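Data block below; observations after.
The values are calculated or read from the model by the stated rules, or taken from the named source; none is laboratory data. Everything quoted here is computed from the prediction, not taken from an experiment. When we count neighbours, we look across all protein chains shown, and the Cβ atoms used for this are built from the backbone with ideal geometry, even at glycine.
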Amino acid sequence: MADCPPALTIRPPLVNSSNPWATTLEDLRSLFACASTGAVTTRTSLLGGFAHDSSKHKYTFFDAAIHEPASIPGPSQNGSLNCLGYSPITLETYLGFVRSIANEHAAESSKGFIISVTGTPKEVAESYRLVAAAQGSIKLPLALEVNLSCPNIPDHPPPAYSEDALVEYLDCLQGVIAAHPGLPRVPFGLKTPPYTYSIQYDALISALERSAESAAGRVSPVSFITATNTLGSCLVISAAPSNSGVLDSSSLKPALPEPGIGGMGGAALRLCPTCRS
């Protein structure tokens with residue numbers, strides 16, 4: 001019989017997204033120390049880490065009203081565009097980070113961590129096993145976010161757009177839970193991309209229903225949905241001002257490395273009528 005893990009209660013009801021400012025141990029310590037966060041989400045990791053290339057994987061902020069990019073955020077830079085991909089830090093290392101923070105604060109805090117992971121269905125199932133095993137020695141509550149929505153991986157559309165792909169991931173997760181009954185149970189959820197038309201919502205709902213049909217008690221194993229990741233295939237253009245202060249159209253170029261395509265987040269995504277969630 002698996003041990004009952006600590007309950008993950010998010011209070012106050014605010015968590016950070018899985019993003020570049022949740023990458024290092026110092027980042028996670030700062031987020032954990034912030035009184036406004038009720039839980040902390042790590043940057044999405046793989047079992048073997050992501051091959052980060054600083055010349056290709058970049059981000060920019062921009063003003064969602066006029067689409068003017070900026071290297072650092074300011075009061076009007078309320079949108080972002082990135083082609084970063086996942087964290088170069090491995091899942092095992094992130095579990096070490098979380099264990100260190102738990103050892104520092106377990107006696108005084110019940111704030112938990114949401115470990116964001118991705119990979120193939122089998123790799124995600126192994127990630128669940130590792131996180132569940134770590135829960136046995138980490139005194140703060142853990143949950144697993146399965147990121148199936150990154151738009152920045154070449155030649156790989158986000159699995160969360162496909163009902164069959166979603167079911168494959170859920171089947172593998174249910175399989176690893178059934179195969180290791182002695183593991184502590186940790187809640188897991190799915191991170192979805194922005195859905196822009198109804199058939200995509202239908203695919204997600206159908207996948208959840210199919211997973212519930214094969215689950216004990218016919219209850220979906222998914223505890224939560226993280227909505228949403230960035231919207232892929234977006235472009236922000238930068239231009240150099242002329243001597244008159246007017247933008248010089250001849251200097252127009254993508255704000256990100258060629259071809260300039262990335263995932264959009266922030267106010268521009270929230271204001272998009274088809275992407276509100």
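Worth pointing out:
- Number of the exception - L170 against (1) touching a Phe, Trp or Tyr at 6+ places or on another chain (Cβ under 9 Å); (2) of a type outside the set (D, E); (3) surrounded by 23 or more Cβ atoms within 10 Å (Cβ to Cβ): (1)
- Of the numbered criteria (1) modelled with pLDDT under 95; (2) of a type outside the set (V, I, T); (3) more than 16 Å from the chain's Cα centre (by Cα); (4) surrounded by 14 or more Cβ atoms within 10 Å (Cβ to Cβ), the one S54 fails is (4).
- Within the range 257-277, the set of residues being surrounded by 13 or more Cβ atoms within 10 Å (Cβ to Cβ) and at pLDDT 80 or above comprises P257, G260, I261, G262, G263, M264, G265, G266, A267, A268, L269.
- Looking only at the range 245-256, and only at residues there that are in a loop (DSSP other than H, G, I, E, B) and more than 30 Å from S116 (Cα to Cα), the one that is modelled with the lowest pLDDT: G245
- Every residue from the range 112-127 that is surrounded by fewer than 24 Cβ atoms within 10 Å (Cβ to Cβ) and touching a helix residue (DSSP H, G or I) at 6+ places or on another chain (Cβ under 7 Å): G119, P121, K122, A125
- Enumeration of residues in the range 139-196 that are over 18 Å from G263 (Cβ atoms) and acidic (D, E): E163, D164, E168, D171
- Meets criteria (closer than 26 Å to P193 by Cα and either in contact (Cβ under 8 Å) with a residue 24 or more places away in the chain or buried (at least 20 other Cβ atoms within 10 Å of the Cβ) (or both)) for L84: yes
- Qualifying residue in the range 200-220 (condition: touching a residue at least 40 places away in the same chain (Cβ under 8 Å), closer than 28 Å to H67 by Cβ, surrounded by 18 or more Cβ atoms within 10 Å (Cβ to Cβ) and among the hydroxyl-bearing types (S, T, Y)): no
Residue-by-condition table, conditions (1) under 20 Å from K56 (Cα atoms); (2) in contact with a Phe, Trp or Tyr (Cβ under 9 Å, 6 or more places away or on another chain):
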position: G74; (1), (2): no, yes
position: N78; (1), (2): no, yes
position: N82; (1), (2): yes, yes
position: Y86; (1), (2): yes, yes
position: E92; (1), (2): no, no
position: G96; (1), (2): no, no
position: S100; (1), (2): no, no
position: N103; (1), (2): no, no
position: S110; (1), (2): no, no
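- Taking the listed residues S242, S238, the one that is modelled with pLDDT under 90 and loosely packed, with under 15 Cβ neighbours inside 10 Å is S242, with no other qualifying.
- Strands (runs of 3 or more DSSP E) (entirely within the range 149-240) containing at least 2 residues that are more than 26 Å from A51 (Cβ to Cβ): 222-227
- Selected residue (only one of V146, V186 is among the β-branched types (V, I, T), closer than 30 Å to H57 by Cα and surrounded by 14 or more Cβ atoms within 10 Å (Cβ to Cβ)): V146
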